[in-house]
1. Quick one: accessible surface of residue 595, probe radius 1.4 Å, all protein chains present, in square angstrom to the nearest 10.
2. At a Förster radius of 60 Å, what calculated FRET efficiency corresponds to the Cβ-Cβ distance of residue 203 and residue 714, to the nearest 0.05?
3. How high is the relative contact order of the chain, in percent, with contacts defined as C-alpha pairs under 8 Å that are six or more residues apart?
4. Read through the labelled values (i) 295; (ii) 190; (iii) 267 and report the label of the one computed as volume of the Cα convex hull per residue in Å³ from the structure.
5. For 93, 203, 778, write out the residues from largest to smallest accessible area, computed with a 1.4 angstrom probe and no ligands counted.
6. Could you give the length gained on full extension between residue 608 and residue 420, defined as 0.36 nm per residue of separation minus the Cα-Cα distance, in nm?
7. Send over a whole-number figure in Å² for the accessible area per residue of the range 172-312, probe 1.4 Å.
8. With a 1.4 Å probe and all protein chains kept in place, how much accessible area does residue 95 have, in Å² rounded to the nearest 10?
Amino acid sequence: MRKEAMGHSLIIVESPAKAKTIKKYLGKDFEVLASYGHVRDLVEKEGAVDPAANFAMKYGLIEKNRPKVDAIEKAARKADTLFLATDPDREGEAISWHLAEILKERGVLEGHAVKRVRFYEVTRNAIREALDQPEDLNENLINAQQARRALDYLVGFNLSPLLWRKIKPGLSAGRVQSVALRLICEREDEISAFVRKEYWTVEARGLKEKSRFPARLVEYRGEKVEADTQKERFSITSEIQAREVERTLLAAADGKLAVASVDRKRKRRNPAAPFTTSTLQQEAARKLGFTARRTMQTAQRLYEAGFITYMRTDSVSLSNDAVGEIRETIRQAYGDKALSDGINVYRTKSKNAQEAHEAIRPTAPALTPQRSEADIEDADQRRLYSLIWKRAVACQMAPAVFDTVAVDLVTGTDAELTGAARHVFRANGQTLLEAGFLAVYHEDHDEDEVYESEDEQRLPALVEGEIVDLAELTPEQHFTQPPPRYTEASLVKALEHFGIGRPSTYASIIETLRYRKYVEMSGRAFLPTDIGKIVSRFLVRYFVNYVDYGFTARMEDMLDEISTGERQWRPELDRFWKPFSQRVEEIATTVSREEVAESRPIGTDPATGKPISVRMGQYGPFVQLGSRDDEEKPRFASLLPGQRMDDVTLEDALRLLTLPRDLGQMPSGEPISIGRGQYGPYVKYGSKFASIKEDDPFTVTLERAIEIVEAKKRADAERSILSFPDDGISVLDGRFGPYVTDGKKNAKVPRPATISKDTDPDTKARLWRAAASKLTVEECRELIAAAPEAKGRFARRGGTKKQAAAAKPVAAKAEPKKTARKKSPARKKAASE
């Protein structure tokens with residue numbers, strides 16, 4: 001260890017797990033603290049990035065991490081040297097820079113040595129080597145990360161409000177997210193537009209000495225038989241044609257096939273390269289069923305515990321030391337024959353390769369998946385470690401060797417036939433001679449990939465001129481299939497292929513698409529929702545340059561060039577911002593909501609003759625009867641859960657428009673009807689409502705509606721603790737405890753002092769309810785008066801339902817955790833009981 005590292009040193013990493021692992025390897029002179037991820041981010045308001053001020057960026061401390069930063073400051077003041085040891089990529093560099101800037105602003109760094117250390121595996125040797133060779137912060141990496149953050153902010157902060165105004169609140173657009181959505185939506189458009197094509201294949205079953213084998217027709221009447229689904233070239237396209245071919249072949253064969261040629265070859269298959277971030281996400285999705293987020297979180301924990309190297313990498317290379325350890329592990333576990341003849345060297349293909357470190361590999365190859373079970377307790381971590389270990393070990397193993405044979409058989413007994421009389425079947429066989437790397441690892445493939453099978457298909461021994469029996473002839477009908485929907489694995493592969501985003505960001509991109517309800521899952525495949533399609537079409541129509549695959553990839557190239565110092569970040573931002581801001585302003589003033597809503601006429605109402613259409617509204621998709629130009633106001637009905645705008649028929653729309661549906665009267669004389677609202681179907685009785693949970697609102701009878709209302713009344717009575725009708729005040733039992741309400745404001749009833757953290761739930765509920773039942777109307781008024789004022793529908797413009805709920809003064813959030821004001825008499829009384 002270098003002398004400058006002596007004395008008391010503080011090492012900062014991102015996670016406590018990583019800090020714990022590092023602490024084990026260092027002595028008492030080192031203190032290791034975690035920042036718990038990012039410590040500073042752009043302030044959440046307009047002007048966080050100011051193009052008019054040369055793209056000045058306003059950062060604020062992330063409030064939840066303030067205690068962590070305070071602890072780091074306190075420790076840094078006592079340390080002689082501060083080592084910033086966050087992850088060795090752009091994001092990690094940015095975290096170190098932000099920490100250094102905060103500590104500089106607080107006057108901590110004066111007289112202290114500040115060093116940046118980078119290591120790609122959390123092992124004793126790697127950490128000590130990094131501490132012996134400290135560096136300075138990399139300004140180019142910091143600038144690249146700032147440029148990326150500024151771009152994402154400028155796109156999101158300007159496009160998202162535009163989506164709120166033109167489509168509905170709560171939507172978002174992102175520089176990379178929107179391009180990923182476009183991929184999914186355009187694939188769905190391809191599937192919708194796909195026209196199936198019929199084609200036929202003809203298969204024979206040859207028979208030799210009780211051994212049957214398949215053979216496919218490849219030549220008919222001297223011409224090649226095509227069945228190429230990729231190029232959609234087919235020779236036999238109807239059953240009539242197939243039956244004619246069948247008759248011709250049966251007549252020509254007369255029960256026999258002659259062996260025309262036998263072609264034997266040795267085929268070698270080499271192992272795949274060790275994992276990058278992208279290929280790990282793809283293979284974990286295929287083999288383990290992991291989402292990209294689950295894969296990255298699990299890999300992060302394995303890295304922090306010292307089991308694998310850094311998991312955010314575009315590199316497929318391995319260090320000489322790692323190769324030596326892997327080959328020694330192979331030698332001991334599988335023998336010398338399992339090793340490749342020489343060291344297998346892999347080259348990085350990614351044009352946007354970011355870091356010059358290694359592929360993802362086990363830090364100690366001798367720790368096999370079987371041995372790791374004692375050290376790795378988490379099941380997900382064990383499964384992912386096994387996958388990483390197998391892929392890394394396989395990459396230095398011998399190729400798999402197959403013995404392949406292709407046999408051509410001619411109908412009849414004359415193998416020399418030519419011209420129109422020649423009909424040829426081909427049988428293919430494959431036998432695995434040497435397993436090589438397949439003894440450890442088999443690579444999976446996506447549905448739409450073309451790849452060589454590893455399955456064995458044995459043929460009987462056949463020689464040229466030999467005659468075998470034709471046991472069976474089967475024409476088979478097929479139809480071309482549309483391209484498959486994207487899965488997580490194939491979407492990650494497509495994003496990487498187009499150079500869109502960084503593999504380390506794919507997990508968050510996919511999660512955002514789900515969170516915004518732009519996509520939903522059909523099995524493992526992504527299905528765009530109605531709102532996802534409309535957002536994508538809006539962006540493609542009006543901002544095509546900014547959701548163009550090539551443009552997004554060029555932006556990544558630009559960020560890479562900033563990270564290497566080839567470009568300056570502010571001029572590049574300026575080059576992007578000027579045309580983009582002009583376009584946003586233009587669309588904001590020239591495009592109406594109606595143009596974006598994608599109204600689709602679906603027919604005419606037989607009763608009124610008015611047009612019926614389906615469109616997107618502020619609260620989701622709905623059908624509309626009539627138009628805005630009619631004297632009578634149009635009628636609306638929201639689509640049912642699971643219904644899609646593209647699939648709604650006139651019959652569906654007419655059924656939806658039967659609501660609201662009058663049923664008659666309650667026994668009390670109140671009118672009763674069935675309707676549907678923003679939150680689902682309901683029974684309306686008088687001026688009150690009861691939700692319909694399970695029944696079909698289109699078939700609910702009067703009797704059943706009365707039952708639903710009575711059940712609601714019983715539930716309300718059970719919730720009611722006190723009621724002061726003259727004052728319009730009620731004390732109710734809520735999900736988070738008793739509360740007082742006047743219909744406008746809610747106020748939580750203070751928890752009695754007799755309730756402690758050890759009180760069981762049933763006793764707690766009983767004591768709290770008893771305290772609430774003793775409140776007077778005056779005390780209730782005081783509680784309501786002291787409660788926070790209700791905010792607007794949304795805490796901020798364009799908020800989601802969740803944000804709206806958070807803004808409402810519900811019982812669980814009505815009272816701040818700590819306040820400086822004195823308790824009201826009502827609060828004192830309730831707390832003492």
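The values are calculated or read from the model by the stated rules, or taken from the named source; none is laboratory data. This one's a predicted model, so the numbers in the text were calculated from it and none came from an experiment. Cβ sites come from the backbone with ideal geometry, for glycine too, and all protein chains shown count toward neighbours. Calculation scope for accessible area: heavy atoms of the full protein, side chains included, ligands and nucleic acids excluded. Shrake-Rupley method; radii C 1.70, N 1.55, O 1.52, S 1.80 Å.
1. 90 Å²
2. Values: r = 67 Å, r/R0 = 1.12.
With a Förster radius of 60 Å, E is 0.35.
3. On the way: 1433 pairs, mean separation 98.5, N = 833.
Taking the mean separation of contacting Cα pairs over the length of the chain, I get 12 percent.
4. Looking at volume of the Cα convex hull per residue in Å³ for this model, the match is (iii).
5. Details: 93 0, 203 60, 778 100 Å².
The ranking, largest first, comes out as 778, 203, 93.
6. Working: separation 188, 0.36 × 188 = 67.68 nm, distance 6.69 nm.
Gain on stretching residue 608 to residue 420: 61.0 nm.
7. Numbers: 6560 Å² over 141 residues.
Spelled out: the 1.4 Å probe surface of the range 172-312, per residue, equals 47 Å².
8. Residue 95 exposes around 10 Å² with every protein chain in place.
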